[in-house]
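Student: Before I ask anything, here is the structure I am working with.
The values are calculated or read from the model by the stated rules, or taken from the named source; none is laboratory data. The shown structure was predicted, so the numbers you read here are calculated from the model rather than taken from an experiment. Quick reminder, even Gly has a Cβ in these numbers, built from the backbone with ideal geometry, and neighbours come from all protein chains shown.
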Amino acid sequence: MKILYLDYNGVLHDDKVIRNRKRGLYIATPDRSFFEWMPILEELLAPYPDVKIVLSTCWIRSLGFDATRHELSEALQERVIGATFLHPKLDAAEFDMLPRGMQVWNDVERRKPSSWFAIDDDAFGWPERCRDRLIETKGHLGLSDPLVQDHVRQMLASL
């Protein structure tokens, strides 16, 4: 199994996402919209139908798995096989204390994919043994960055 661990904020759209009780989720950066870079991911993944997605976004903890998955296009939803938080033995408080890299690494250890990589704007706390599997984005550019797109193409080709 080949897996892409996918974050949302700073990857599929700008990272300046705010959650407000009255407004709900919104992007604080003017002229930005949710999932504006999602078509780029669809295009990058199109030649690789065997690559599955595990959601590593914090949206899971706020919205739940189904609502978070349904934010994606139908083509990407079909690839989603789970989330880093969805495991019966995970304690929510312990999970929230882990840096994203450890959340992903723990999931890799459970799933044991044949190959994997992650796209995330948060490089803090990634274990050295898997740092080369992370494609780090700039939060204000995400997948719109041509250098990141090239890196994703290279990673996909190497899976």
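Student: Scan Ile3, Ile60 and give me the residue that is hydrophobic (A, V, I, L, M, F, W, C), touching a helix residue (DSSP H, G or I) at 6+ places or on another chain (Cβ under 8 Å), assigned to a strand (DSSP E or B) and touching a residue at least 12 places away in the same chain (Cβ under 8 Å). Explain how you work it out, then say what you get.
Tutor: Working: Ile60 fails: assigned to a strand (DSSP E or B).
Result of the check over Ile3, Ile60: Ile3.
Student: Which of the residues spanning segment 26-80 are touching a Gly at 6+ places or on another chain (Cβ under 6 Å) and closer than 15 Å to Gly10 by Cβ?
Tutor: Across segment 26-80, the qualifying residue is only Trp37.
Student: Taking the residues in segment 21-50 that are in a loop (DSSP other than H, G, I, E, B) and touching a helix residue (DSSP H, G or I) at 6+ places or on another chain (Cβ under 7 Å) as candidates, determine which candidate is nearest to Met155 (Cα to Cα).
Tutor: Checking each candidate, the answer is Tyr48.
Student: Of these, Ile81, Ile40, Ile27, which one is modelled with pLDDT of 85 or more, crowded, with 16+ Cβ neighbours inside 10 Å and within 26 Å of Cys130 (Cβ to Cβ)?
Tutor: Ile40
Student: Can you report the number of residues in segment 43-64 which are surrounded by fewer than 16 Cβ atoms within 10 Å (Cβ to Cβ) and under 14 Å from the mean Cα position of the chain (by Cα)?
Tutor: Number satisfying all stated conditions: 1.
Student: Looking only at residues in segment 84-134 that are acidic (Asp, Glu), modelled with pLDDT under 95 and outside any loop (DSSP other than H, G, I, E, B), which one is farthest from Leu156 (Cα to Cα)?
Tutor: Per the criteria, the residue is Glu94.
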